[in-house]
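The values are calculated or read from the model by the stated rules, or taken from the named source; none is laboratory data. No experiment lies behind these values; they were computed from the predicted model shown. Note: ideal-geometry Cβ built from the backbone for every residue, glycine included; neighbour counts use all protein chains shown.
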Amino acid sequence: MNQRLTPATAFLLTIPPLLWAGNAVVGRLLQGLVPPVTLNFLRWVLAAALLLPLAAWVLRPDSPLWPHARRFAMLGLLGVGCYNALQYLALKTSTPLNVTLVAASSPVFMLAIGALFFGHKPVPRQYLGAVLSIAGVLVVLSRGDWDVLLQVRLVPGDVYMLLATAAWACYSWLLTRPGDPPEIRANWAAFLLAQMVFGLGWSGLFAAGEWAVGAAPIQWGWPLVAALAFVAVGPAILAYRCWGLGVQRVGPNLAGFFANLTPLFAALMSAAFLGEWPHPYHAIGFVLIVGGIVASSRR
């Protein structure tokens, strides 16, 4: 794994936060049209259908996927079943900008999980970057009022997003572990589909639970169909492809700081499409988060 950040890799790692910001805005727009966990399931059903013509061989009985089923089941649980379902749940009580800024705590989770479970020892600049990033997240969580933070009055969406970020950090570190079948690892469509086939099982199970407790009916129409097409092609297939390549090239710790660009894109999109303008505390939080990116990526 090469730790050097090249312009091509930086561009590659910028694409996912742009698409993820769009995913957060679309998820907010779809509130009331489709239940959040069901939205996650429908998204991955469509994404898997799009990948099937490119990598159907990975699902054959003699595929090298099945001896590694436990690993791909874990990747599917964290990356497909949990992360976006929790994000869509978060958007019920929080804004896209708040959700993406809370997700900017990912470098802290990346460093902690890497040190605890993957034997990775962070360097001092990564600690500095993590401190700056978490300071930015705390500014957002407190809404610029430290009394709010001291009273720990988080909205449910903030908690959901923190859980989602922890799941994403585990997913990113698992991507770096060797041992995948070479023919699957070398084929991006097969690698994604191998995760999706298990992830669909997890997300379908979670969606069934949502309906069991009384989910609102789906409001089918062109807005929902167009939104599903976007979240399946962009944030699901393209973003996961670019993120996987970027993580393999520079590692989860450095890649995690690029994910913090998502709030910038979310702020622009929220203002343009939702009329949700950022507040001064959002700007302060973003400056701290970007400072974390700069501090952690300098050599």
Near pairs, Cβ below 7 angstrom, 6+ apart or cross-chain, from the stretch 244-258 (within 19 Å of Val80 (Cα to Cα) and at pLDDT 80 or above) to any residue that is buried (at least 22 other Cβ atoms within 10 Å of the Cβ) and not hydrophobic (A, V, I, L, M, F, W, C): Val247/Ser172
Qualifying residue in the stretch 123-145 (condition: more than 19 Å from Gln248 (Cβ to Cβ), assigned to a helix (DSSP H, G or I), at pLDDT below 70 and among the acidic types (Asp, Glu)): no
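Per-residue answers, yes or no, for (1) basic (Lys, Arg); (2) touching a Gly at 6+ places or on another chain (Cβ under 9 Å); (3) within 27 Å of Ala283 (Cα to Cα); (4) assigned to a loop (DSSP other than H, G, I, E, B):
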| site | (1), (2), (3), (4) |
| --- | --- |
| Leu13 | no, yes, yes, no |
| Pro17 | no, no, yes, no |
| Val34 | no, no, no, yes |
| Ala49 | no, no, no, no |
| His68 | no, yes, no, no |
| Ala73 | no, yes, no, no |
| Asn98 | no, yes, yes, no |
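If we scan the stretch 159-181, do we find a residue that is part of a helix (DSSP H, G or I), out of contact with any strand residue (DSSP E or B) (no Cβ under 8 Å at 6 or more places or on another chain) and acidic (Asp, Glu)? Break it down stepwise before answering.
If we filter the stretch 159-181 for residues that are part of a helix (DSSP H, G or I), which is where we start, we get 159-175.
This time we only want the ones that are out of contact with any strand residue (DSSP E or B) (no Cβ under 8 Å at 6 or more places or on another chain), so: 159-175.
Going one step further and asking which of them are acidic (Asp, Glu), we end up with none.
No; the residues of the stretch 159-181 include none that is part of a helix (DSSP H, G or I), out of contact with any strand residue (DSSP E or B) (no Cβ under 8 Å at 6 or more places or on another chain) and acidic (Asp, Glu).
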Close pairs (8 angstrom Cβ cut-off, 6 or more residues apart or separate chains): farther than 28 Å from Phe286 by Cβ in the stretch 116-131, part of a helix (DSSP H, G or I) anywhere: Phe117/Trp173; Phe118/Trp173; Lys121/Ala115
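For Pro64, state whether it is surrounded by fewer than 24 Cβ atoms within 10 Å (Cβ to Cβ) and part of a loop (DSSP other than H, G, I, E, B).
Numbers: surrounded by fewer than 24 Cβ atoms within 10 Å (Cβ to Cβ): yes; part of a loop (DSSP other than H, G, I, E, B): yes.
Yes, satisfied.
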In the stretch 170-182, the residues that are surrounded by fewer than 22 Cβ atoms within 10 Å (Cβ to Cβ) and either of a type in the set (Gly, Ala, Ser) or at pLDDT 90 or above (or both): Gly179
